[in-house]
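K.L.:
Got a structure for you, written out below as structure tokens; questions coming shortly.
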Amino acid sequence: NKEVIDVLRKVIDPELRHNIVDLGLIYEVNFNEKENKIKILMTFTTPLCPYGDILIDDVKERLEDEGYKPEVEITFNPLWSIDKMSAEIREEFLLPIDI
């Protein structure tokens, strides 16, 4: 659902200063249209991310503001890596585009 992805793009990682979609932190979005529920499967750049709770709260708040009933599940399988970032962000950080 493009609308949900657009909402998630408003969630900015405070440390990397980019949205969680383009950083590759969103692994899965499941939408139950009948009940207006959204289940987000996401990760953090590291299991010890100091901003994890802030990101989860921001995701939930922004989706609730749009009338959704969000559920956020965190996974570290697979672990996040720079290859999940968009090419533009990798380029900005001067990371190899082809990993």
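The values are calculated or read from the model by the stated rules, or taken from the named source; none is laboratory data. None of these values were measured; they are calculated from a predicted model. Neighbour counts are summed over all protein chains in view; Cβ atoms, including those assigned to glycine, are modelled from backbone coordinates with ideal geometry. In case anyone asks, the SASA skips ligands and DNA or RNA and just uses the protein heavy atoms, side chains included. Shrake-Rupley method; radii C 1.70, N 1.55, O 1.52, S 1.80 Å.
K.L.:
Within the group L79, L48, L94, L55, which residue is within 16 Å of V11 (Cα to Cα) and not polar (S, T, N, Q)?
P.N.:
L55 is the lone residue from the list that is within 16 Å of V11 (Cα to Cα) and not polar (S, T, N, Q).
K.L.:
Return the total of residues in segment 32-42 being closer than 15 Å to E3 by Cβ and surrounded by 15 or more Cβ atoms within 10 Å (Cβ to Cβ).
P.N.:
The total comes to 2.
K.L.:
D53 - would you say it is out of contact with any Cys (no Cβ under 7 Å at 6 or more places or on another chain) and open to solvent by less than 80 Å² (accessible area, probe 1.4 Å)?
P.N.:
Judged against the criteria, D53 is not a match.
K.L.:
Here's a follow-up. Being free of Cβ contacts under 8 Å to residues at least 40 places away in the same chain and open to solvent by 50 Å² or more (accessible area, probe 1.4 Å) is the requirement here; does E64 meet it?
P.N.:
Criteria met by E64.
K.L.:
What are the pairs with Cβ atoms under 7 angstrom where one residue, in segment 6-20, is under 19 Å from F93 (Cα atoms) and the other, located anywhere, is among the aliphatic types (A, V, I, L, M) and at pLDDT below 95? Sequence gap at least six, or different chains.
P.N.:
H18/I89
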